[in-house]
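Data block below; observations after.
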């Protein structure tokens, strides 16, 4: 009987140990973040000269807080898109300009954050700057917010042009008075980019690349950005002067959700 009792005790101990291992290992498996495929790179590793101002890592965006999935302020793109952007940068540097990216690859969880925000009609803290003339109930119908974004496929970016030498820009202070994104350049939030007629992420028809209300220097600046990128295979979204997609896309039908961080790319080395 003693031998049987010892055997039973051993079996119970072993079973308990197995359960403990299973319970402790399950959460770590569940919390493991997806990683970027080999085809993705950090833009800095392809071109260090392109300026980066990743707005969704900051509270200075239409949501008013850092957006889910942006763990570091960095631009990640598919390699073909990053290399094409480098080629465009070479052309602009010769003319005394630099590209500046506001957003590149965007995880699906960030898009989901936008959708939740858009459905919360009580949260209009950033309306005065980013969508002064648009009723928040219209954001989906008017196409400003969608359940999916081309950014999540890795070959789309939001970009502008900066005259060199680039001037420093002051940080945004949450709660500061907001100015409409279509106000004259010297009145709206300071940005070291050339004057494009509106700020980035301005929910307004003035942001349409070929808006007839945009003329003169502003029109010339938009045309310079579009023509420079088009020569390298980028296609502009007509509703947003800053939005470009490299074609052909390596992942035309895949929406990724790995975080924006160097860690997402670590398996590449």
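May I ask you to list the residues in the stretch 39-53 that are closer than 26 Å to residue 115 by Cα and either surrounded by fewer than 19 Cβ atoms within 10 Å (Cβ to Cβ) or in contact with a helix residue (DSSP H, G or I) (Cβ under 6 Å, 6 or more places away or on another chain) (or both)?
52
Within the stretch 186-208, is even one residue within 20 Å of the chain's Cα centre (by Cα), surrounded by fewer than 16 Cβ atoms within 10 Å (Cβ to Cβ) and touching a residue at least 24 places away in the same chain (Cβ under 8 Å)?
No: the stretch 186-208 contains no residue that is within 20 Å of the chain's Cα centre (by Cα), surrounded by fewer than 16 Cβ atoms within 10 Å (Cβ to Cβ) and touching a residue at least 24 places away in the same chain (Cβ under 8 Å).
Hey, any hits in the stretch 31-38 for a residue that's over 28 Å from residue 115 (Cα atoms) and at pLDDT below 95?
Within the stretch 31-38 (the criterion being over 28 Å from residue 115 (Cα atoms) and at pLDDT below 95), the answer is no, since none of the residues qualifies.
Any residue at all in the stretch 236-243 that's within 21 Å of the chain's Cα centre (by Cα), surrounded by fewer than 20 Cβ atoms within 10 Å (Cβ to Cβ) and under 24 Å from residue 96 (Cβ atoms)?
yes
Kindly check whether there is at least one residue in the stretch 70-88 that is farther than 23 Å from residue 36 by Cβ and either buried (at least 19 other Cβ atoms within 10 Å of the Cβ) or assigned by TED's automatic domain parsing to the domain that holds residue 206 (or both).
Scanning the stretch 70-88, I find no residue that is farther than 23 Å from residue 36 by Cβ and either buried (at least 19 other Cβ atoms within 10 Å of the Cβ) or assigned by TED's automatic domain parsing to the domain that holds residue 206 (or both), so the answer is no.
Take the conditions over 23 Å from residue 174 (Cα atoms), touching a helix residue (DSSP H, G or I) at 6+ places or on another chain (Cβ under 7 Å) and assigned by TED's automatic domain parsing to the domain that holds residue 189 and apply them to residue 107. Does it pass?
For residue 107, the condition - over 23 Å from residue 174 (Cα atoms), touching a helix residue (DSSP H, G or I) at 6+ places or on another chain (Cβ under 7 Å) and assigned by TED's automatic domain parsing to the domain that holds residue 189 - is met.
Which count do you get for residues in the stretch 57-92 that are under 28 Å from residue 170 (Cβ atoms), in a helix (DSSP H, G or I) and free of Cβ contacts under 8 Å to residues at least 60 places away in the same chain?
Selection size over the stretch 57-92: 1.
Out of the residues in the stretch 246-263 that are outside any loop (DSSP other than H, G, I, E, B) and crowded, with 20+ Cβ neighbours inside 10 Å, which is farthest from the chain's Cα centre (by Cα)?
246
Any idea which of (1) more than 22 Å from residue 57 (Cβ to Cβ); (2) not in a loop (DSSP other than H, G, I, E, B) is the one residue 142 doesn't satisfy?
(2)
The values are calculated or read from the model by the stated rules, or taken from the named source; none is laboratory data. Keep in mind that what you see is a predicted model, and the values were worked out from it rather than measured. As a convention, Cβ positions derive from the backbone with ideal geometry for all residues, glycine included, and neighbour counts pool all protein chains shown.
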